[in-house]
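The values are calculated or read from the model by the stated rules, or taken from the named source; none is laboratory data. No experiment lies behind these values; they were computed from the predicted model shown. Every residue, glycine among them, receives a Cβ derived from its backbone with ideal geometry; neighbour counts consider all protein chains shown. Areas reflect the complete protein model, heavy atoms only, side chains present, ligands, DNA and RNA absent. Shrake-Rupley method; radii C 1.70, N 1.55, O 1.52, S 1.80 Å.
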Amino acid sequence: MTRIVIIGGGPGGYEAALVGAQLGAEVTVVDCDGLGGASVLTDCVPSKTLIATAEVMTTFDSSYEELGIIVADTASISGSPAGPPLEQRARVVGVDLGKVNRRVKRLALAQSHDITASVTRAGARVMRGRGRLDGRQAVDGSRQVIVTAADGSEESLTADAVLIATGGHPREIPDAQPDGERILNWTQVYDLDELPEELIVVGSGVTGAEFAGAYQALGSRVTLVSSRDRVLPGEDSDAAGVLEDVFRRRGMNVMSRSRAEAAKRVGDRVEVALSDGRVISGTHCLMAVGAIPNTAGMGLEEAGVLLKDSGHIKTDRVSRTSAPGVYAAGDVTGIFALASVAAMQGRIAMYHFLGDAVTPLNLKTVSANVFTDPEIATVGYSQADVDAGRIDARVVKLPLLRNPRAKMQGIRDGFVKIFARPGTGIVVGGVVVSPRASELIHPIALAVDNNLTVEQIANAFTVYPSLSGSIAEVARQLHTVKTGEES
């Protein structure tokens, strides 16, 4: 029986284990934190659970008056049965962050346990410990993996193939070391029992933007420190512009072109020093300045595995590394830090090694989402690709303000944008900025993955009224553009 050892139990690892076991291999998963990895325990699942509470707060706060909802502080009502006039009644909505975080941890652990049960049910073995490669490939093609348990004991496993799926950990600035109390990284925020009164978020990438928006919605006064010209520099510029406008309108202090160099505790406060000499102060500071791959001390280079300058593992489109019989998946590869991509890389590795039908990884069909409010969802080619001439595509963008369902729900911000090839009308990309954009991107993702045309999208029935109606409307407008060019 083919022996496979998977080091790391995140999405890349556990999905690979399920496929390997299904295809009849003897699979061992070596993991030290709990299956699900950072995605389930400290990153994706926890942050989106926290954001779910923030989303309720934001939706209520931004639209309750427009929708005619009356909110009153009943404790302040005295005298006449009718109480004070509505304009004198205070809105009383808040969060118990300790309770929110306990729910976050509970759901994360439950998800991890569910994954462990699925993997063991499939026939794979789970070992607690840290794994590393021991030397190069043997004459018979096998490799040795050394597993070190928590008590220091070691066990050697023989594998015909090894998958590295060890993920990453928060990057730290030397002069801004997290203490878990006032200066935090994104794995430590779930230990807070009280809502930060004044939160400084350093880093305006996806993680920084998501937490900044969430804590602002929960009631913190947030300052977002961005070293770039705008928030979310890696996302669609129109989408990032909408989000930054929303952040500012809701009271967030967005500091563009401001680089943080240090953070230190001063009593019960934190001072963040910027590169231009300014110092800003808050009660807490969240450092969201990227991640470092977990590749150190694993014997990778000794085993012939080539690393990038960043420390990420070099892989090809079927997850192979430079070392025969060694594959890699997930954040450790530096290819799209998404759970969905990690899972696909892990599955592809098993399909390839075990001789099953395999389709190489195609990043142009990957859909991604930023869980801010509004959400930003993307798939396929981007506006930057079009602007740089990497692909010839027609673009139509339609504001959600024109959508009847958006008007009914009090949605003011957002749009749908689709990219289509001229002449054929084949859809090659899209952007959705709206509440639940993560759900609305799916029909565009299906179109990109299956080379559907704008005509096919436009001719499919949509529910009226619905936000998805805007997708069909953009497709109709692109069809008009195409027809007009040909006439």
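For a Förster distance of 35 Å, can you work out the FRET efficiency between the beta-carbons of residue 150 and residue 402, rounded to the nearest 0.05?
FRET efficiency, residue 150 to residue 402: 0.05.
Give me the distance in nm between label points sitting 7 Å out from Cα along the Cα-to-Cβ direction at residue 121 and residue 412, one decimal.
4.7 nm
Provide the per residue accessible area, probe 1.4 Å, for the chain, rounded to a whole number of square angstrom.
46 Å²
Against the longest principal axis of the chain, how steep is helix 437-449, in degrees 0 to 90 to the nearest 10, with axes from Cα atoms?
Taking Cα atoms only, the helix is inclined about 50 degrees.
Counting only DSSP beta bridges with both residues in the chain, what percent are antiparallel, rounded to the nearest 5?
Just about 60 percent of them are antiparallel.
Would you mind working out the magnitude of the charge dipole of the chain relative to its Cα centre, with +1 at each Lys and Arg C-beta and -1 at each Asp and Glu C-beta, to the nearest 20 Debye?
With Lys and Arg at +1 and Asp and Glu at -1, about 600 debye.
With Kirkwood's inverse mean 1/r over C-alpha pairs for Rh, give me the Rg to Rh ratio of region 299-409, two decimals please.
1.12
Once the principal axes of the Cα atoms of the chain are found, what is the range along each, listed largest first in whole angstroms?
86, 71, 48
Report, please, the projected area of region 422-485 averaged over directions, based on the convex hull of its C-alpha atoms, in nm².
Taking a quarter of the hull surface, the average projection is 4.3 nm².
Can you give the direction-averaged projected area of the convex hull of the alpha-carbon atoms in region 153-275, in nm²?
Averaged projected area of region 153-275's Cα convex hull equals 11.5 nm².
Which of 145, 192, 95 sits farthest toward the positive end of the charge dipole of region 93-222, with +1 on the Cβ of Lys and Arg and -1 on the Cβ of Asp and Glu?
Most positive-ward Cα: 145.
Between residue 308 and residue 158, what FRET efficiency comes out of the Förster formula 1/(1 + (r/R0)^6) with R0 = 30 Å and r the beta carbon distance, rounded to 0.05?
In this case the efficiency is close to 0.55.
Placing +1 at every Lys and Arg Cβ and -1 at every Asp and Glu Cβ, with all other atoms neutral, what dipole size does region 247-295 have around its Cα centre, in debye to the nearest 20?
Computed charge dipole of region 247-295: roughly 280 debye.
Give me the percent of accessible area attributable to carbon and sulfur for region 132-232, probe 1.4 angstrom.
Carbon and sulfur together cover 41 percent of it.
For the ranges 384-394, 47-57, what's the packing order if you count other beta-carbon atoms within 10 Å of each residue, average per peptide, and put the highest first?
Most protected by this proxy first, the peptides run 47-57, 384-394.
Residue 52 to residue 281: extension gain in nm, 0.36 nm per residue of separation minus the Cα-Cα distance?
Difference between extended and current length: 79.6 nm.
Can you list the lysines whose alpha carbon sits under 29 Å from that of residue 364, skipping same-chain ones fewer than 8 residues off?
48, 308, 314, 397, 417, 482
Highest mean first, how do 455-465, 243-253, 34-44, 419-429 rank when packing is the count of other Cβ atoms within 10 Å averaged over residues?
34-44, 419-429, 243-253, 455-465
Any idea what Rg and Dmax come out to for region 227-337 if you just take the C-alpha atoms, in Å?
Final numbers for Rg and Dmax: 19.6, 54 Å.
For a protection proxy built on the mean count of beta-carbon atoms within 10 angstrom, sort 348-360, 432-444, 136-148 highest first, please.
Highest mean packing first, the order is 432-444, 348-360, 136-148.
State, to one decimal in nm, how far the label point of residue 193 lies from the label point of residue 172, with both points 7 Å from Cα in the Cβ direction.
With each label point 7 Å from Cα toward Cβ, the separation is 2.5 nm.
Using only the alpha-carbon atoms, how far is helix 206-218 inclined from the longest principal axis of the chain? Give it as 0 to 90 degrees, nearest 10.
Once rounded, the angle reads 40 degrees.
Mind listing the long-range amide H neighbours of residue 127? Cut-off is under 5 Å, sequence gap 5 or more, other chains count too, H placed in the peptide plane at 1.01 Å from N.
Correct list: 29, 30, 31.
So, taking all protein chains as they sit and a 1.4 Å probe, how much accessible area belongs to residue 413, in Å² rounded to tens?
Residue 413 has an accessible surface of roughly 40 Å² with all protein chains in place.
Compute the helix-to-body angle for 97-121: its Cα long axis versus the longest principal axis of the chain, expressed 0 to 90° and rounded to tens.
30 degrees
Kirkwood-based Rg over Rh for region 353-447 (C-alpha set), two decimals?
1.06
Considering only protein heavy atoms and a 1.4 Å probe, what is the carbon-and-sulfur percentage of the accessible area of region 398-487?
Here carbon and sulfur together make up 56 percent of the probe-accessible area.
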